Amino acid sequence: FIQKTFDTEALDFCNDILVKVSRSFAAVIRQLPPTMLVDILVFYLVLRALDTVEDDMHAFSSNDVKIKHILNFHKTALGDPTWTMDGVGEADEKRLLQNFDKCHKIYAKLNPTSQRVVLDITQRMAAGMAEFIGKDL
């Protein structure tokens, strides 16, 4: 099922980067049934990419610019199959954003219900993040 449905190079990247950005979640995700595994893998990577944008304290000229990127993430990262981001994050998280088009290739092949869930939760998470950027907690 997985090999017939998804781009092999893109799936290999997602699988490889998952281990690098989250060893503990990678172990759990890999134990899921094949019908759920890819959906959850991509879901995790999308939210990890969003979190990388939110975590970077130096890449954006202002909090307003960062908030704009975060609030539009579901439209840009999930809406544009060629979208990538450079100069944000460090190490493997930076690599995830630089190669996000590979994640999008997998996202685009998910069933429509899974795509809607990923998009909706990404938008909600971004709204929550944007609310707290710049606040002294």
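The values are calculated or read from the model by the stated rules, or taken from the named source; none is laboratory data. Note that the structure is a prediction, hence the values are computed from the model and not measured. When we count neighbours, we look across all protein chains shown, and the Cβ atoms used for this are built from the backbone with ideal geometry, even at glycine. Remember, those area values only see protein heavy atoms, side chains included, never the ligands or the DNA or RNA. Shrake-Rupley method; radii C 1.70, N 1.55, O 1.52, S 1.80 Å.
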If Leu50 satisfies all but one of (1) open to solvent by 80 Å² or more (accessible area, probe 1.4 Å); (2) closer than 14 Å to Phe100 by Cβ; (3) among the aliphatic types (A, V, I, L, M), what's the number of the condition it fails? (1)
Got a sec? Which helices (runs of 4 or more DSSP H) wholly within segment 1-41 have at least 1 residues that are in contact with an Asp or Glu (Cβ under 9 Å, 6 or more places away or on another chain) and modelled with pLDDT of 95 or more? 8-21
The condition of being of a type outside the set (D, E, K, R), more than 30 Å from Lys4 (Cα to Cα), assigned to a helix (DSSP H, G or I) and out of contact with any Asp or Glu (no Cβ under 6 Å at 6 or more places or on another chain) holds, among His58, His69, only for His69
Scanning segment 2-47 for residues that are under 17 Å from Leu119 (Cα atoms) and either surrounded by fewer than 21 Cβ atoms within 10 Å (Cβ to Cβ) or of a type in the set (Asp, Glu) (or both) gives Met36, Asp39, Ile40, Phe43, Tyr44, Leu47
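Yes/no matrix, rows are residues, columns are (1) of a type in the set (Lys, Arg); (2) open to solvent by less than 30 Å² (accessible area, probe 1.4 Å):
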site: Ala77; (1), (2): no, yes
site: Trp83; (1), (2): no, no
site: Gly87; (1), (2): no, no
site: His104; (1), (2): no, yes
site: Lys109; (1), (2): yes, no
site: Thr122; (1), (2): no, yes
